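To start, the structure under review is shown below, and the notes come after it.
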Amino acid sequence: AFAASAFALPAIPRKAPELTIVEPSGKQTLLSSYKGKVVVIEFLYTTCPHCQAASQVFTKLQRELGPRGFQAVGIAFNDNAQMLVPQFVQQFNVGYPVGFTNSDTVMGYLGLSIMDRYSVPQVVVIDRKGMIRAQSGIDGDPKLQEENSLRSLIDGLLKEGAAPTTAAPKKTTAVT
């Protein structure tokens, strides 16, 4: 029973829990404000070489796929992340918002136990409807860090959620 509970990840797809992205400037953005976009969250350590490399991939994808409805977001949760994020963004020329939080928040978001040993980055892919469609395992997932496989996944989700073209736009109210 212990092994099963320690290594079981939540089911996918599932609704993405709300999360507040707090940038070092103090700006706060709710994850739900990106609804309608395909979102990739990189939970990272600013000092991790794999996270730094992944941020380069996510920056490239943000630049290329952002106009189609893609949004990358970074959330650092290593010690002193609040102070280290600005240097991380500048040093690696990160082209998407990077905030910070504590490890308890990240563990809860990912559905991990405090007993789990995990690797970083942890990557979560959310579709336009706010559903988590892919998530790194506790040992990470190279497919969620490698440009071609990630691009393929994102591209499929962008097409899946694309709104049909209409002659005249309709006025609608927000649906939750």
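Miscellaneous remarks
- Checking Pro49 against (1) in contact (Cβ under 8 Å) with a residue 12 or more places away in the chain; (2) closer than 17 Å to Leu144 by Cα, the condition it does not meet: (1)
- Only one of the listed residues (Gly130, Gly111) is modelled with pLDDT of 95 or more and on the phi > 0 side of the Ramachandran plot. That residue is Gly130.
- Elements of the type helices (runs of 4 or more DSSP H) sitting completely within segment 30-117 and holding at least 3 residues that are within 22 Å of Met131 (Cα to Cα) and open to solvent by 20 Å² or more (accessible area, probe 1.4 Å): these cover 103-110.
- Enumeration of residues in segment 62-75 that are in contact with a helix residue (DSSP H, G or I) (Cβ under 8 Å, 6 or more places away or on another chain) and within 22 Å of Pro86 (Cβ to Cβ): Gln71, Ala72, Val73, Gly74, Ile75
- For Pro121, the conditions (1) open to solvent by 60 Å² or more (accessible area, probe 1.4 Å); (2) touching a Leu at 6+ places or on another chain (Cβ under 6 Å); (3) not hydroxyl-bearing (Ser, Thr, Tyr) all hold with the exception of (1).
- When residues of segment 133-162 are limited to those that are among the hydrophobic types (A, V, I, L, M, F, W, C) and under 18 Å from Phe77 (Cβ atoms), the one nearest to the chain's Cα centre (by Cα): Leu144
The values are calculated or read from the model by the stated rules, or taken from the named source; none is laboratory data. As the structure is a computational prediction, the values presented were derived from the model and not from experiment. Don't worry about glycine lacking a Cβ; one is built from the backbone with ideal geometry, like all the others, and counts go over all protein chains shown. In case anyone asks, the SASA skips ligands and DNA or RNA and just uses the protein heavy atoms, side chains included. Shrake-Rupley method; radii C 1.70, N 1.55, O 1.52, S 1.80 Å.
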